[in-house]
């Protein structure tokens, strides 16, 4: 066993995120569940359409199934293109990753490698199911895993990646996952990226996503985080060419005793780029906590940039907490940029509107709360994935309304 040394509240980027669940525990490597135990968890987690499905257990690629286009690669480190591993694996996390990305680099036992050659289109989504277990656990300690993903899309290629994080049914989330996704997009490449976190109640899930975009490339991220005791996502994106498009949509639901932290950094250095970010968070109880620190930097050469950032936060209890720090830095002088932030309970006029149509106050409030994250959830664009996320969100919200 080893005790981890973590950042403290004195570190600026962690001053709102209490890491006591980590600092007060020791971690260990789980023994690894059997294939039958894994199947119990993943067999029902399918998407609407045929996929290339990658099952990762405690950070190690366990299986890959589905049709992979000729010349492309999806799988673990063994068998992956050597030049991709040599020049891309770890390059972004070393230069721009934080302490948890460094920890992942030291502890990762495998890596999900996705390589899409020039002008190749993956017709099927690549569904990466990250399963965390706590087999061989000792009470009060956390099973530790370091999942890693490397996606390299050459010029003119396109793909969709769905990362789904879940706990083994028997573990109830007694684990800590420190994952890293490094994504490199060549010129005109396009990637749709979904990140859905549905871990158990006691899980800790800390993730870093680092993206490098070539000119005229498109990167679209949709994330939904619902589970775990403590989660954090550090997103770092760099636009490396003109006419580059970046979109980010986030929905975080902090239930009883949950903390969800989101830190994003987007840098634009070239003209005619576009960027759009929408962040939504619900904190349901006095022990719920949300954190958002979003930085969009439009540098001097990024003329004619069109960038927008919006953060909306809903507090359902008197002492629920959301710490919000949106930050739009503009150095260029020929841009179109918008910025907005709101932290509040439900708006009275919305409730009044529903009540004038015969809906009682309690039902009206419930309708508005349940639909708050719908704008982001629907961007998952998969009925079965949306259903899984909605079921977990509904369970959390039902517990709140049952006490009112």
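Brief remarks follow.
- Among (1) within 21 Å of residue 107 (Cβ to Cβ); (2) buried (at least 24 other Cβ atoms within 10 Å of the Cβ); (3) more than 12 Å from the chain's Cα centre (by Cα); (4) without any contact (Cβ under 8 Å) to a residue 60 or more places away in the chain - the single one residue 202 does not satisfy: (2)
- Among the residues listed as 242, 256, the single one being out of contact with any strand residue (DSSP E or B) (no Cβ under 9 Å at 6 or more places or on another chain) and either modelled with pLDDT of 95 or more or crowded, with 24+ Cβ neighbours inside 10 Å (or both): 242
- The range 81-98 residues that are free of Cβ contacts under 8 Å to residues at least 24 places away in the same chain and on the phi < 0 side of the Ramachandran plot, paired with ones that are part of a helix (DSSP H, G or I) and surrounded by 18 or more Cβ atoms within 10 Å (Cβ to Cβ) (beta carbon under 9 Å, 6 or more apart): 94/101
- Enumeration of residues in the range 292-305 that are in a loop (DSSP other than H, G, I, E, B) and surrounded by fewer than 22 Cβ atoms within 10 Å (Cβ to Cβ): 299, 300, 301, 303, 304
- Filter result for residue 143 (under 24 Å from residue 31 (Cβ atoms) and surrounded by fewer than 23 Cβ atoms within 10 Å (Cβ to Cβ)): no
- Hits in the range 78-103 - residues which are over 20 Å from residue 212 (Cβ atoms) and touching a strand residue (DSSP E or B) at 6+ places or on another chain (Cβ under 7 Å): 103
- Residue 275 in contact with a strand residue (DSSP E or B) (Cβ under 9 Å, 6 or more places away or on another chain), over 30 Å from residue 257 (Cα atoms) and not in a loop (DSSP other than H, G, I, E, B): yes
- Breaking point among (1) out of contact with any helix residue (DSSP H, G or I) (no Cβ under 9 Å at 6 or more places or on another chain); (2) within 24 Å of residue 156 (Cα to Cα), for residue 96: (2)
- Looking only at the range 280-291, and only at residues there that are free of Cβ contacts under 8 Å to residues at least 40 places away in the same chain and not in a loop (DSSP other than H, G, I, E, B), the one that is surrounded by the most Cβ atoms within 10 Å (Cβ to Cβ): 290
- Output for the range 317-332, where each listed residue is within 15 Å of residue 274 (Cα to Cα) and surrounded by fewer than 13 Cβ atoms within 10 Å (Cβ to Cβ): 329
- None of 314, 385, 397 is under 18 Å from the mean Cα position of the chain (by Cα), over 30 Å from residue 269 (Cβ atoms), in contact (Cβ under 8 Å) with a residue 40 or more places away in the chain and surrounded by 13 or more Cβ atoms within 10 Å (Cβ to Cβ) except 385.
- Taken as a whole, the structure places residue 165 among residues that are in contact with a strand residue (DSSP E or B) (Cβ under 9 Å, 6 or more places away or on another chain), under 18 Å from residue 38 (Cβ atoms) and touching a residue at least 12 places away in the same chain (Cβ under 8 Å).
- Matching residues in the range 336-359 - criterion: being touching a strand residue (DSSP E or B) at 6+ places or on another chain (Cβ under 8 Å) and assigned to a loop (DSSP other than H, G, I, E, B): 345, 346
- In the range 7-110, counting only strands (runs of 3 or more DSSP E) that sit wholly within it, the ones holding 2 or more residues that are under 24 Å from residue 232 (Cα atoms) span 26-28, 52-57, 60-65.
- Between 42, 61, 67, the distinction of being surrounded by 13 or more Cβ atoms within 10 Å (Cβ to Cβ), within 21 Å of residue 159 (Cα to Cα) and touching a residue at least 12 places away in the same chain (Cβ under 8 Å) belongs to 61 only.
The values are calculated or read from the model by the stated rules, or taken from the named source; none is laboratory data. These numbers were taken from a predicted model, which means no experiment stands behind them. Cβ atoms come from the backbone with ideal geometry, glycine included; neighbour counts cover every protein chain shown.
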